[in-house]
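Rule-based calculations on the coordinates, nothing more; no lab input. Fair warning: this is a prediction, and the values are worked out from it, not measured in the lab. All Cβ positions, even for glycine, are placed from backbone atoms using ideal geometry, and neighbour counts span all protein chains on display.
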Amino acid sequence: MSPTPPCIFCAIVKGDVPAYKVRETERALAFLDIHPISWGHTLVVPKAHAADLPEVTPEDWKEVAELARWVALRLRKVLEVEGNNLIVASGKAAEQSVSHLHIHVIPRREGDEVGLQDWWVSKIQPTDPEELSRTATVLREKA
Ligand SMILES: [Zn+2]
């Protein structure tokens, strides 16, 4: 399925737009983010266009996830990376910036001050156990 307007990540997959490719598999491509949050920040995308999680096929998602893991381990091996954040923004409400599903593989090093923890902690809210139970039930059972 071709997106309208043209999709920058599809153009990278086709080779119409240059990218710093890291690894390619049958269904997935990994390339460096040109605006890295830390050294080695890589994006992993399905080669077939899928806007977000509802659109991606299970086969493509599996390969994208496996490639993201490969990238994470590779970063640890060759760039002195000590940890990784894997982040997916799926949908406008989740602040997805490019409408072609992608996993950010963010290299982390002790003391790198990337600051995701501060962002995370600032958003944590106290929650009623009954609300948690109700939510889990809805997620498990609602058609
Ligand atoms: Zn695309």
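Miscellaneous remarks
- Residues within the stretch 102-126 that are free of Cβ contacts under 8 Å to residues at least 12 places away in the same chain and touching a Ser or Thr at 6+ places or on another chain (Cβ under 9 Å), tallied: 0
- In the stretch 101-115, the residues that are assigned to a loop (DSSP other than H, G, I, E, B) and surrounded by 11 or more Cβ atoms within 10 Å (Cβ to Cβ): L101, H102, R109, D112, V114
- Residue count for the stretch 116-143, restricted to those that are within 30 Å of C7 (Cβ to Cβ) and assigned to a loop (DSSP other than H, G, I, E, B): 0
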